[in-house]
4 protein chains.
Amino acid sequence: MTGNILGERLTLISFGESHGRCIGMVLDGCPAGLSLSESDLQIELDRRKPGQSIITTQRKEEDKVEILSGIFNGYTTSAPICAIIWNKDSDSKPYEVIKNNPRPGHADYPSFIKYGGFADYRGSGRFSGRLTATMVMGGAIAQKLLKYSLGIETIAYTTQIGQISCNFLSYEEAKLNRYTNDVRCPNPEIAEKMKSIIIDARKSGDSLGGIVECISVGLPVGLGEPIFSSMESDLSKALFSIPSVKAIEFGSGFSGTKLKGSENNDEYTISEDNKIITKTNNSGGILGGLTNGMPLVIRIGFKPASSIAKKQKTVDLVSNSECDIVVPGRHDPCVVPRAIPVVESLVSFILADHAIRWGLISPVLSDRKK
Amino acid sequence: MTGNILGERLTLISFGESHGRCIGMVLDGCPAGLSLSESDLQIELDRRKPGQSIITTQRKEEDKVEILSGIFNGYTTSAPICAIIWNKDSDSKPYEVIKNNPRPGHADYPSFIKYGGFADYRGSGRFSGRLTATMVMGGAIAQKLLKYSLGIETIAYTTQIGQISCNFLSYEEAKLNRYTNDVRCPNPEIAEKMKSIIIDARKSGDSLGGIVECISVGLPVGLGEPIFSSMESDLSKALFSIPSVKAIEFGSGFSGTKLKGSENNDEYTISEDNKIITKTNNSGGILGGLTNGMPLVIRIGFKPASSIAKKQKTVDLVSNSECDIVVPGRHDPCVVPRAIPVVESLVSFILADHAIRWGLISPVLSDRKK
Amino acid sequence: MTGNILGERLTLISFGESHGRCIGMVLDGCPAGLSLSESDLQIELDRRKPGQSIITTQRKEEDKVEILSGIFNGYTTSAPICAIIWNKDSDSKPYEVIKNNPRPGHADYPSFIKYGGFADYRGSGRFSGRLTATMVMGGAIAQKLLKYSLGIETIAYTTQIGQISCNFLSYEEAKLNRYTNDVRCPNPEIAEKMKSIIIDARKSGDSLGGIVECISVGLPVGLGEPIFSSMESDLSKALFSIPSVKAIEFGSGFSGTKLKGSENNDEYTISEDNKIITKTNNSGGILGGLTNGMPLVIRIGFKPASSIAKKQKTVDLVSNSECDIVVPGRHDPCVVPRAIPVVESLVSFILADHAIRWGLISPVLSDRKK
Amino acid sequence: MTGNILGERLTLISFGESHGRCIGMVLDGCPAGLSLSESDLQIELDRRKPGQSIITTQRKEEDKVEILSGIFNGYTTSAPICAIIWNKDSDSKPYEVIKNNPRPGHADYPSFIKYGGFADYRGSGRFSGRLTATMVMGGAIAQKLLKYSLGIETIAYTTQIGQISCNFLSYEEAKLNRYTNDVRCPNPEIAEKMKSIIIDARKSGDSLGGIVECISVGLPVGLGEPIFSSMESDLSKALFSIPSVKAIEFGSGFSGTKLKGSENNDEYTISEDNKIITKTNNSGGILGGLTNGMPLVIRIGFKPASSIAKKQKTVDLVSNSECDIVVPGRHDPCVVPRAIPVVESLVSFILADHAIRWGLISPVLSDRKK
């Protein structure tokens, strides 16, 4: 299969370019009988769209989704669901400069070489963060499917921006507060500080990175397919397809590498409601690549946005000499807040795919319609 | 496809159980015309096999590989290459206890639930670290293929054990020294300290984790398939299939999330031999999911080995009550040193798969044999 | 992967329903640098569209294609190509009856059971012959790619309608004359007779089937991937996805089963231009699942169209009792003539996929654009 | 994926060469909890093995299967099942001649060109009919799985050898008598005549082809995945991977192309036990690519065996000139009888794969083992 296809039984095909006619996706393998409408996708897309606050890009994209196929009488039919967003507010002129002068930190240079100059470079084309909207379209459906069929919920939120980080919060707190502020950090005070340094970075023509934490609850025991489709494997594959993601850890992650086995192992016990649980959750809910019923915990590291206003050194591909570049276009000083719904979407998508692979979601969700 | 299959054009199927008759793999999609013999695989397997030093498990497994198909007159034929290792030094009796008392940190509990009690639990069955030998078999072939056809080389080495870590070394130093000591750390003094704390951990019935760094050089510009088969996506998918891996970062990774864009972006320049390179390599050689010609740099975090001699709390699945467990079997106090060839194998495998996907390695490597 | 995806390296995803908003496809894996516009697709779609002659359905569908992605400055970019046709002349009312009374010969009954009543049954939904237009969209691109990069040409034509069949014609004759008449039979006299019996069938409220022959020339030696992706395997998989196809044979096919080995074997010889060829072509250009450089010859049997005006017996799914049905809608008395471009498309698609799989078509077709 | 892999959820990987160390397969995706032993595979392999009667090749291959993985305590575990047969009675010397003089009707010539001379040509290597044993290994497991979980049964039998054919027999008769004679034709008198012409063909240094009919009963309604994984698509893909198969038809097939719609359509009715059935079965149990609950009926055409004792014309690849060849080795004068278990195996395999894809077979077959 090509690189534009994700998933085994639930399959997402992404198409479109940042400044082309539209961006879109086909989600195939969704069971029949799920109640679904455009608003289910729109609510998540609205959380991702630009122009929402002072700390995001000032491009105005309405990002109104249209479902073109796969829904009949308000329900999924098991046929492929195609959804698109027509591109509107795109200004391609500023991008002429990057044709021959690759922007530092961007895909420009390797893309130019790989595709022999044929790739659509306007607005970064296929490499644009805009394409994450196609992940959200598919992920929103997966999210609804998981909630309806298995009661699984996934939330993500900002825990670090630049050097400012937020202590651990309970799942309930995080769920309640993550969308109450512009940075999507569930701690309002920390959120304020984060916002402030993002504004500073913008002012100085610079950008910031950060960390997103993602938690899924309500998981069955045993999701994951050894040995190459471990939950870590498939989740990281999906998450590393988000532009700017450069690091991922599960549970205690890198800090766990400094612990002793006796400290890092999660001992088993019986919960008050008579279930087998672990006393700690250093595993992040995954053992041997399989979910163990504990909350799934992932931390995803985003590099600072590559597009900055400051002048940078680059090369001219025609003259093969050094030159300066001032990156064109309107960009986010920090992509982390807008990445929240993208992370939730991809994690939901992979969980749904695995639930279908292991037969936990039936291909027809309810009894025959009357 | 099932979870036991990795790769798109170069395909690895792993089979066998830790205490079954054998472990093995089928590598399919290897071009015809590569000179190959069992010794090409054996040299890498020997670096992974147990019983090599005081800091690894005392199990003695000869791990002698046999190639069953796909080679004719000393060359690959383009037919699937099956290779196996017969299991010998396995003692399954100690594992009776884990049937009902899952070991903390291991796959026992989710595996038991997932497979309804049918899974082969002896020596952890399919979840055993022993299965990484099947990754090495396939990876050794990929490594030779990459070296022969494109001049690509990949090395991995230990940079952290427990709390002791090693500063950055040049590629040449690392390549030269990584296999000169038991912990596979290219800095001999640090290696000595690491070995010492591993011995201490073993004595106290405990275990340690650590970090492996992996570098590939000689890469062409443009490997990687957007948007879901980015290099980060496919490399992390493969690497997270190694038991104990819980964290992965590329280039500046998590530390890069604290930098500003102007600090983390790698500016372009022209090298002395007139090539386009970047002044720094915070991207770890990957931009937009594509290789950019700079060295590929990955850091892989291993949790401390789950099997420890200390008594731990667990539950009895039959009586649904808490109990103690002393983990049976002979195990490594730290799996990091033996993981070095596994990391090299999987990274080589993914790079070779991508090189074939993008047409950089021809399906027949040389002219017709005379 | 799901059933709506075809191909390994060149990948076609079909979406849409007969009476939904649109039908469309995503073609992924097409090399960069192929000159392509909507007219390349439209010319083939026009040959498939209804309402072209007295012997096809009188539905008027303009079937105007729009390319939504993957083309930049008139060339393919290696990004997924999405193309759609908005549905217009669809009248869904007549289909209410088939909701509970399945039409003989159609997918209605198994589809109803399979999808629990959720499937879009209007105009047969996903099972409509209308979806073959999505195959033509992708196939037209494959056809152009094969012609441009390898000089491969594929033609199909009608050789039998009902009981009337046409003797073998040379490739040149067939190529020249196949689109000169309504039945797409290259023999004009036979074509006249065929047309006449189709008109008779329509008048009597009945339908006819027939046979399409397809020939590809200019093939390289060695396309096909043993043992499960033989050329026969992958071509038949694609062709049997055309509704109404119930039989396929290659070369001497079923009649060859009655010959002796000494009669059916194609002996080798040297051609006048010093190439290795076979004296006969009973193999249809495929030996051991691989192309042998001779013309590829396939014969595809279409059952008579299931939709007939005559009253038929069926059952009522609600009352579980027998009843009569008069099939609603406007339909072709014989689908064979309109299937010609569909057959050419799918055969071209599979050949292109195999050519890419074996590295015969490079991922970037020409030098860097100036 | 490569061409050596078949199936989506149930996956068969075939490896090995005719005269290599062994032939084998890995079956992955088989649910846990199926009682399975080597004898389940051996019984089907014995029906395929050579040297069973006067009308098959006189090679003696014991073809004793060994299961190397995936079974624990007599049950499948959900882990990949690897099984092999060690090659024994292979005499490779006679094959030196075909290295440069390709045998008419065989893969020799295209294989030589495709693989640049690197392919193992001994005994036809990967193109040997011997590899069908690997299909039988996997198919035997699928057959048991289908019988146990869904009550599906598949039988195949000879209905034509050369010019002699056998009238339709009831499923019960065919099932009872197909293995009672050397040609596997359920009509004993016709079988006698068939055997006689096979013996004649052998005596005259020639070979014969024929037709195998295959019927499956007990099928659920709705197997098949539109639009590219129709039942006809996936069954034909699998069956055309059997060497010598050149034609396939479902139900009325090619003869149906001459009927009118009113004759070929199968009207619905209610059976005595109150089920929806069709009065006739011209569809061969498949409508719109989906099973409709009626018996699945396939007819598979085999060309006469390519290996004949008669002298034939070929070319010398070194001197590029014409020459004679007398095909070496010991071969079947007619492969049809030995193909019966192969056809049953592949049809069972595809049905099982589809049943798993549509969630009709659970990943764990029974309750937790006590």
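Can you list the distances in nanometres, one decimal and ascending, from the A:Leu176 label point to the identical position in each other copy, with the point 7 Å along Cα to Cβ?
Label point to label point, same position, other copies: 6.1, 7.6, 8.4 nm.
Average partner chain C-beta neighbours within 10 Å, per residue of C:313-325?
3
Nothing charged except the Cβ atoms of Lys and Arg (+1) and of Asp and Glu (-1): what's the magnitude of the dipole of region A:5-357 about its Cα centre? Round to the nearest 20 debye.
Computed about the Cα centre, the dipole is about 860 debye.
In nm to one decimal, list the spacings between the D:Ile54 label point and its equivalents in the other copies, with label points set 7 Å along Cα to Cβ, shortest first.
6.3, 7.7, 9.9
Rounded to the nearest Å, what's the spacing between the alpha carbon centres of region C:289-305 and region C:253-278? Just the number, please.
Computed from Cα coordinates, the inter-centre distance equals 16 Å.
Return the FRET efficiency for the residue pair D:Ser255, C:Lys147: r is the Cβ-Cβ distance, R0 is 41 Å, and the value is rounded to the nearest 0.05.
0.70
Can you compute log10 of I(q)/I(0) for the protein assembly as shown with the Debye formula, treating each Cα as one identical point scatterer, at q = 0.08 Å⁻¹?
Evaluating at q = 0.08 Å⁻¹ gives log10 I(q)/I(0) of -1.00.
Note down the nm distance, to one decimal, between modelled labels 7 Å out along Cα→Cβ at A:Val326 and at A:Glu66.
About 3.9 nm, to one decimal.
State, to one decimal in nm and shortest first, how far the label point of C:Ser271 sits from each corresponding label point in the other identical copies (label point: 7 angstrom along Cα-to-Cβ).
4.7, 5.4, 7.2
Please compare each pair in C:Lys237/D:Lys88; D:Lys114/D:Lys237; B:Lys144/D:Lys64 to a cut-off of 31 Å on the Cα-Cα distance and tell me which ones are over it.
C:Lys237/D:Lys88; B:Lys144/D:Lys64
For peptide D:272-279, compute the average count of partner chain beta-carbon atoms within 10 Å of each residue's beta-carbon.
Mean number of neighbouring Cβ atoms from other chains: 2.
From other protein chains only, count the Cβ atoms within 10 Å of every residue's Cβ in B:190-201, then give the mean.
Average neighbour count from other chains, rounded to a whole number: 0.
If each DSSP helix of 4+ residues adds -39,500 (n - 2.57) and the sum is divided by the residues in chain B, what number results at 222 nm, nearest 500 deg cm²/dmol?
Using -39500 (n - 2.57) per qualifying helix, the result is -8000 deg cm²/dmol.
In whole angstrom, how far apart do the alpha carbon centroids of region D:1-51 and region C:19-98 sit?
Measuring centre to centre over Cα atoms gives 42 Å.
What residue among A:Phe168, A:Asn101, A:Ser233 has its Cα farthest toward the positive end of the dipole of region A:5-357, where the charges are +1 on Lys, Arg and -1 on Asp, Glu, each on the Cβ?
Of A:Phe168, A:Asn101, A:Ser233, it is A:Asn101.
Which whole-Hz couplings ³J(HN,Hα) result when phi for each residue of region C:287-292 is put into the Karplus expression 6.51 cos²θ - 1.76 cosθ + 1.60, θ = phi - 60°, listed in order with x for Gly and Pro?
Computed from phi, the couplings for region C:287-292 are 10, x, x, 10, 5, 10 Hz.
Report the net charge of residues surrounding A:Leu145, where surrounding means a beta-carbon distance below 14 angstrom and charges are Lys +1, Arg +1, Asp -1, Glu -1.
Taking every other residue near A:Leu145 into account, the sum is -2.
Run through every distinct alpha carbon pair of region B:37-139 and return the Kirkwood hydrodynamic radius in angstroms, one decimal place.
Result for region B:37-139, one decimal place: 15.7 Å.
Over chain C, what relative contact order in percent results from Cα pairs under 8 Å that are six or more residues apart?
This gives 23 percent for chain C.
Kirkwood Rh over alpha-carbon pairs of chain A, then Stokes-Einstein at 37 °C and 0.692 mPa s: what D in µm² s⁻¹, rounded to an integer? Please report the intermediate quantities before stating the final value.
Details: Rh = 21.6 Å.
In µm²/s, the coefficient rounds to 152.
Rank-order A:332-339, A:95-102 by packing density, defined as the average count of other C-beta atoms within 10 Å over each peptide's residues, highest first.
Numbers: A:332-339: 26.9, A:95-102: 18.4.
So the order, starting with the most tightly packed, is A:332-339, A:95-102.
Springs between alpha-carbon pairs under 10 angstrom, Gaussian network model over chain A: which of A:Gln42, A:Gln163, A:Gln52 fluctuates most?
Ranking A:Gln42, A:Gln163, A:Gln52 by mean-square fluctuation puts A:Gln163 first.
Tell me, for the rotation carrying C onto B, which chain C residue has the beta-carbon closest to the axis and what that distance is in whole Å.
C:Gly359, 3
For D:Ile270 and A:Asn73, what does the FRET efficiency come to when R0 = 25 Å and r is the distance between their Cβ atoms, rounded to the nearest 0.05?
Once rounded, the FRET efficiency stands at 0.30.
Rule-based calculations on the coordinates, nothing more; no lab input. As the structure is a prediction and not an experimental result, all values here were calculated from the model. Every residue, glycine among them, receives a Cβ derived from its backbone with ideal geometry; neighbour counts consider all protein chains shown.
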